[in-house]
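A.B. asks: Got a structure for you, questions after.
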Amino acid sequence: MKKLALPLLIILSLYLGCSKKEEPQKAETKFSTAFDSTEIKTVPITDGSLSSVNLKYTLGKGSEYNYRLTSITNDEQSITADTTIEQKVYQALTYLLKVVVKDIDKDGVMEIEFTFTNVKLDAKGNGKTITYQSGQALTGEDKTNFADYEALLNNSFTGRVTSKGDIIEFFRTDRIANRLLELKGLKDSVSLEEKKLLQQQIADGALRPLLSQIFRKLPDGTVKKDSSWSQTNPLAKLPFFDMTNTLHFTILSYDKFNNDNLAVIDAGLTSTYKISERAKQAKVQVNSPSYKGEGKIYFNLSKGLVQKSKTNLYLNLEMSMMAPSRKGGMQKVTQRQSTKTTNILELL
């Protein structure tokens, strides 16, 4: 997409029956990209029928689900030297995703086909407004600007996921990579090794973060109301500091939603950081970066999947260093960033 923001400090997814009498073709259901940020209206289960549960994904072979995933970002940044430059950027990005369970092996590992069927982007910043809606004809520069989204559309790929939400691996991401290279005019200018590297970057950098909203890692064994567990993510090596993020979860209640039983889960995130040697050598002062999160997940116990989730992530960061001044000599340059990202997942 077109660049709206200052350079960020952190760059934190037919069946046609033929017989003697032709059956009418089933019309494909169309889903809206308009998201719903409200909480699910549930009724508490108070009869004691659910004292403990084993959280796991129990999708059936051949079953099909549709999700809407929306990420809303509000970002404020400033650079202060002899003058101050400020900017605010808003972005709302929505994906519609079809999930089809192709097979389940004896260990409960699901082979799932994923298809992004729609993408919508609205962004504002720097006095500009940018919109993108998949399915509309693109010309000229927009083909390159929106290539990341266009490459995902209707290029199905496969993932293997355990009943506890671990995404083991991805297959058939080559079609996304080929389409991306074609849109950027690079189809015939990259080597086989470079294409394989791109496929890996797509899988780990784009697909996994998106799909981890649908398939969250669940605890082993049974859990009760007020049970808590945590998950520490791998160390994130950023330009001037290393950060370790830990996710925290607690069962708040067991509720009824329509005719289904839900586990309502409180979700949080805390982080620790360590200033890197690169920052020390460059004499960059990093002032107590803060990255935290909170939210709620509704896990459908009857269907064995996430019904809905809404989480907020907050980043606050300040960095300073000495740099040459236009007036001569050296001056202190300070960059500040404050970002709130809201992720909303909805089963349609």
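A.B. asks: Check whether at least one residue in the stretch 51-65 is buried (at least 16 other Cβ atoms within 10 Å of the Cβ) and assigned to a strand (DSSP E or B), and report yes or no.
C.D. replies: Checking the stretch 51-65: at least one residue is buried (at least 16 other Cβ atoms within 10 Å of the Cβ) and assigned to a strand (DSSP E or B).
A.B. asks: Mind telling me which of the residues Leu138, Leu152 ends up being modelled with pLDDT under 95 and of a type in the set (A, V, I, L, M, F, W, C)?
C.D. replies: Numbers: Leu152 fails: modelled with pLDDT under 95.
Exactly one residue qualifies, and that residue is Leu138.
A.B. asks: Taking Tyr314 as the residue in question, decide whether it is part of a strand (DSSP E or B), touching an Asp or Glu at 6+ places or on another chain (Cβ under 8 Å) and under 30 Å from Ala81 (Cβ atoms).
C.D. replies: Considered against the rule, which asks whether it is part of a strand (DSSP E or B), touching an Asp or Glu at 6+ places or on another chain (Cβ under 8 Å) and under 30 Å from Ala81 (Cβ atoms), Tyr314 comes out as no.
A.B. asks: Could you pull out the residue among Ala267, Ala279, Ala263, Ala236 that is of a type in the set (A, V, I, L, M, F, W, C) and closer than 16 Å to Asn312 by Cβ?
C.D. replies: Sole residue among the options that is of a type in the set (A, V, I, L, M, F, W, C) and closer than 16 Å to Asn312 by Cβ: Ala267.
A.B. asks: A further question follows. Going by the conditions given, is Arg179 part of a helix (DSSP H, G or I), crowded, with 16+ Cβ neighbours inside 10 Å, more than 17 Å from the chain's Cα centre (by Cα) and among the basic types (Lys, Arg)?
C.D. replies: Taking the combined requirement at face value, the residue satisfies it.
Yes or no, residue by residue, for (1) buried (at least 16 other Cβ atoms within 10 Å of the Cβ); (2) at positive phi; (3) not charged (D, E, K, R):
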residue	(1), (2), (3)
Lys283	no, yes, no
Pro289	yes, no, yes
Lys332	no, no, no
Ile344	yes, no, yes
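A.B. asks: Given the structure, is Gly185 small (Gly, Ala, Ser) and modelled with pLDDT under 95?
C.D. replies: It is true that Gly185 is small (Gly, Ala, Ser) and modelled with pLDDT under 95.
A.B. asks: Tell me which of these Glu294 doesn't satisfy, since it passes every other one: (1) out of contact with any Leu (no Cβ under 6 Å at 6 or more places or on another chain); (2) under 23 Å from Asp75 (Cβ atoms); (3) surrounded by 15 or more Cβ atoms within 10 Å (Cβ to Cβ); (4) modelled with pLDDT of 95 or more.
C.D. replies: Evaluating Glu294 over (1) out of contact with any Leu (no Cβ under 6 Å at 6 or more places or on another chain); (2) under 23 Å from Asp75 (Cβ atoms); (3) surrounded by 15 or more Cβ atoms within 10 Å (Cβ to Cβ); (4) modelled with pLDDT of 95 or more leaves (3) as the failure.
A.B. asks: In the stretch 218-241, what residues are loosely packed, with under 15 Cβ neighbours inside 10 Å and assigned to a loop (DSSP other than H, G, I, E, B)?
C.D. replies: Looking only at the stretch 218-241, we keep the residues that are loosely packed, with under 15 Cβ neighbours inside 10 Å, and these are 220-222, 224, 226, 228, 230-235, 237, 239.
Correct list: Asp220, Gly221, Thr222, Asp226, Asn233, Pro234, Leu235, Pro239.
A.B. asks: Taking the stretch 246-272 as the region of interest, how many residues are more than 24 Å from Gly221 (Cβ to Cβ) and crowded, with 16+ Cβ neighbours inside 10 Å?
C.D. replies: Residues that pass the stated criteria total 2.
A.B. asks: Taking the stretch 104-143, which residues are surrounded by 14 or more Cβ atoms within 10 Å (Cβ to Cβ) and in a helix (DSSP H, G or I)?
C.D. replies: Asp142, Lys143, listed by residue number.
A.B. asks: Then there is this: Does Gln199 satisfy the condition of being in contact with a Ser or Thr (Cβ under 8 Å, 6 or more places away or on another chain) and part of a helix (DSSP H, G or I)?
C.D. replies: Here the answer is yes, as Gln199 does meet what is asked.
The values are calculated or read from the model by the stated rules, or taken from the named source; none is laboratory data. Keep in mind the model is a prediction, meaning the values are calculated, not measured. Ideal geometry is used to build each Cβ from the backbone, glycine not excepted, and the neighbour counts take in all protein chains shown.
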